[in-house]
Amino acid sequence: MFRTVLFPFDQSRAAMDTAATVLQLVQQHDSKLVLLSVVEEGSNSMGDVDAVAQLLQKAHDTFAEAGIECELIEREGKPAFVIGDVADEIEADLIVMGTRGINLEQASSSTAARVIQLAPCPVLVVP
């Protein structure tokens, strides 16, 4: 059912907690997993780029230990827009992302809420 799953993540606790759900979902559906990390638009710090590269590698290694192969994508831009664009490019069947416990009805500017509005496919938001 979910051939390609996009997992956009950052260094937040919510993203790390979501990884277990992603792992289970990908295993159940024998899905292709694409990991996405976005460097915030306007951030010219080389440290941010290095941190994102390390974050992607760490996530890749974590999933590889569980026997899951994944593709890594790193982009720069506004996270919600980049997530929607990448989901469209890779023809994702599902986006799985965490939230920081934000009430989505009151936080229309949150990344998760914006992704829900912009996504070309279903979005699973893990609290």
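The values are calculated or read from the model by the stated rules, or taken from the named source; none is laboratory data. All figures in this text were calculated on a predicted structure; none of them were measured in a lab. Please note: Cβ atoms are built from the backbone with ideal geometry, for glycine as well, and neighbour counts cover all protein chains shown.
Observations on the model:
- Residues of the range 1-31 satisfying the condition of being of a type in the set (Asp, Glu), assigned to a loop (DSSP other than H, G, I, E, B) and more than 10 Å from the chain's Cα centre (by Cα): ASP30
- Within the range 52-73, the set of residues being modelled with pLDDT of 90 or more, surrounded by 15 or more Cβ atoms within 10 Å (Cβ to Cβ) and either farther than 16 Å from ALA92 by Cα or not aliphatic (A, V, I, L, M) (or both) comprises PHE63, ILE68, CYS70.
- Taking the criterion of being in a helix (DSSP H, G or I) and of a type in the set (Lys, Arg), the only residue of the range 48-84 that qualifies is LYS58.
- Of the listed requirements (1) modelled with pLDDT under 90; (2) closer than 16 Å to PRO127 by Cα, PHE7 misses just one: (1).
- Restricting VAL39, VAL34 to those that are assigned to a strand (DSSP E or B), surrounded by 12 or more Cβ atoms within 10 Å (Cβ to Cβ) and at pLDDT below 95 reduces the list to VAL39.
- The range 82-98 residues that are closer than 19 Å to VAL39 by Cβ, paired with ones that are in a strand (DSSP E or B) and charged (D, E, K, R) (beta carbon under 7 Å, 6 or more apart): VAL82/ARG75; VAL86/ARG75
- Residue, surrounded by the most Cβ atoms within 10 Å (Cβ to Cβ), within the range 95-120, restricted to residues that are under 20 Å from MET16 (Cα atoms) and either of a type in the set (S, T, N, Q) or at pLDDT below 65 (or both): THR111
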